[in-house]
Amino acid sequence: MSPVSFPSTFLWGAATSAYQIEGAVREDGRTPSIWDTFAHTPGKTAGGDHGDVAVDHYHRYRDDVALMSGLGLGAYRFSISWSRVQPTGRGPAVQRGLDFYRRLVDELLAKDIKPAVTLYHWDLPQELEDAGGWPERDTAYRFAEYAQIVGEALGDRVEQWITLNEPWCSAFLGYGSGVHAPGRTEPVATLCASHHLNLAHGLGAKALRSVMPARNTVALSLNSSTVRPLTQDAADLAAARKIDDLANGIFHGPILHGAYPESLFTATRQLTDWSYVQDGDLATINQPLDALGLNYYTPALVSAAGPDHSGPRADGHGASEHSPWPAADDVLFHQPPGDRTAMGWSIDPTGLYDLIMRYEREVPGLPLYITENGAAYDDKPDAEGRVHDPERIAYLHGHLAEVRRAIADGADVRGYFLWSLLDNFEWAYGYEKRFGAVYVDYTTLERTPKSSAHWYGKAARTGTLPEIDEVF
Ligand code: IFM
């Protein structure tokens, strides 16, 4: 087999998010976010786990940056905790909160690691949820104010900016199925929240650009699904179209093209008239982007519900009696065949290739980054304390090879951020699911790079994928 080599400018990074790793939830003026409240509500997370300490990155960030540097990574994508910076979600910033991120960024730059900042990775200040949360229009304006504050504080040293991470999860899991914070189960609020997240992206992008040097780039990260129909029957194709609108079109329609898909309006008409889309909103949302971030883990396989198809609603987004998908009771989700990760997500690297090529066609010329990709496995240290994770290496190899194939086929993919640098708080699954390339012992908080970290580090240093059976 010929070695799989990447362009010399390709960025090799790892990603995390604030609530999943920082801990220190009551330090330096931080107040609760919706995830603090949700995780401390009995029954909401596995084992009652929460992010109070998480992996204590707030105090150990220097060691974590040193780890990345030792591996040879070129970039680090992390998110800012809004309630550390603006505890009530409005008004003046808390300098101690911003100082933490200044120190982190300086540490990264000193080690030649490019910081990529995500402004919002699901942790809305609780006070803003108390005022209505994302279904409330004002939240989008509060986000723009927050974006401006962070842009002013870090814009001189951070070039890569991402407004929102996976707004689908914020809206559909937070307000639809309720398996994520704030745990609401209101189909109309889900759609309304989606629009206000889009508006927040547009207003936030404008606010960032108003205070930052022109060289900085603004993007957002979508967990765009590759939606596949079970068969080519018209009913299954229509089911796939509906889920594609609800998973993808609802965000990339207004953001990339300045319009919601007509078919989305038609499909949801029984629930809402979309009157929360006000004059001028679509132009605000449709800001020019410098890049698009794609997060990919697994494809969705769907069919029309009906006498020929029955089965569980296995959409892979956690157990809830409420569907995250508004107006989609006529759609069934199916478990694709083949191997799965510890999340139960099927492994299909071609889904990543298809996703990249879709955006390459849809927005030609827009640089793409894979801002998340990775897998959870039940990793355990061996008798010598080493953590071997060959399945994760195979997963990474398979997906990176598909990224390379897409580049060879003309896609402008500029970089890849492995999810995740460290084992961390996997939301409703608590600490049960380990996505890290670096193992964390949750008793001592000691970090041990897994074999996959060494494998990925070698890929980053050489720009070529090592064989999957190379021993580290
Ligand atoms: O851990 C999450 C991350 O916060 C967002 N994208 C998916 C990851 C794995 O579930």
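Computed from the coordinates by the stated procedures, all read-outs in this text should not be read as laboratory data. Model, not experiment: these values are computed from the prediction. Ideal geometry is used to build each Cβ from the backbone, glycine not excepted, and the neighbour counts take in all protein chains shown.
With respect to S69, determine if the residue is surrounded by fewer than 22 Cβ atoms within 10 Å (Cβ to Cβ), among the hydroxyl-bearing types (S, T, Y) and either within 26 Å of V438 (Cβ to Cβ) or in contact with an Asp or Glu (Cβ under 9 Å, 6 or more places away or on another chain) (or both).
So S69 fits the description; yes.
How many residues, within the stretch 38-63, are crowded, with 19+ Cβ neighbours inside 10 Å and either part of a loop (DSSP other than H, G, I, E, B) or acidic (D, E) (or both)?
Qualifying residue count, the stretch 38-63: 7.
Answer yes or no as to whether T231 is touching a strand residue (DSSP E or B) at 6+ places or on another chain (Cβ under 6 Å), in contact (Cβ under 8 Å) with a residue 40 or more places away in the chain, over 21 Å from N198 (Cα atoms) and not in a helix (DSSP H, G or I).
Criteria not met by T231.
With the structure loaded, tell me whether Y101 is of a type in the set (F, W, Y) and farther than 18 Å from Q148 by Cα or whether it fails that test.
Answer is no for this residue.
Looking at the stretch 24-31, is at least one residue within 16 Å of the ligand (Cβ to nearest atom), buried (at least 21 other Cβ atoms within 10 Å of the Cβ) and of a type outside the set (G, A, S)?
The answer is no, given that none of the residues of the stretch 24-31 is within 16 Å of the ligand (Cβ to nearest atom), buried (at least 21 other Cβ atoms within 10 Å of the Cβ) and of a type outside the set (G, A, S).
Which residues, counting only those in the stretch 409-434, are within 12 Å of the ligand (Cβ to nearest atom) and not in a loop (DSSP other than H, G, I, E, B)?
Answer for the stretch 409-434, where residues must be within 12 Å of the ligand (Cβ to nearest atom) and not in a loop (DSSP other than H, G, I, E, B): F417, L418, W419, L422, W427, A428, Y429, R434.
Only one of these conditions is not met by R392: (1) among the charged types (D, E, K, R); (2) touching a helix residue (DSSP H, G or I) at 6+ places or on another chain (Cβ under 6 Å); (3) more than 16 Å from the ligand (Cβ to nearest atom). Which number is it?
(3)
Filter the stretch 81-124 for residues that are in contact with a Pro (Cβ under 6 Å, 6 or more places away or on another chain) and closer than 20 Å to F38 by Cβ and give the result.
Passing the criteria: W82, S83, G89.
Only residues in the stretch 372-387 that are touching a residue at least 12 places away in the same chain (Cβ under 8 Å) count as the first member; pair them with residues that are outside any loop (DSSP other than H, G, I, E, B) and more than 15 Å from the ligand (Cβ to nearest atom), Cβ under 6 angstrom, at least 6 apart or cross-chain, and list the lot.
Correct list of pairs: Y377/E391; D379/Y439; V387/Y439; V387/T448.
Please go through (1) more than 28 Å from T444 (Cβ to Cβ); (2) away from the ligand (no atom under 16 Å from the Cβ) for L104 and return the number of the only condition it doesn't satisfy.
(1)
So which of M343, M357 is among the hydrophobic types (A, V, I, L, M, F, W, C) and either within 16 Å of the ligand (Cβ to nearest atom) or over 25 Å from I162 (Cβ atoms) (or both)?
M343
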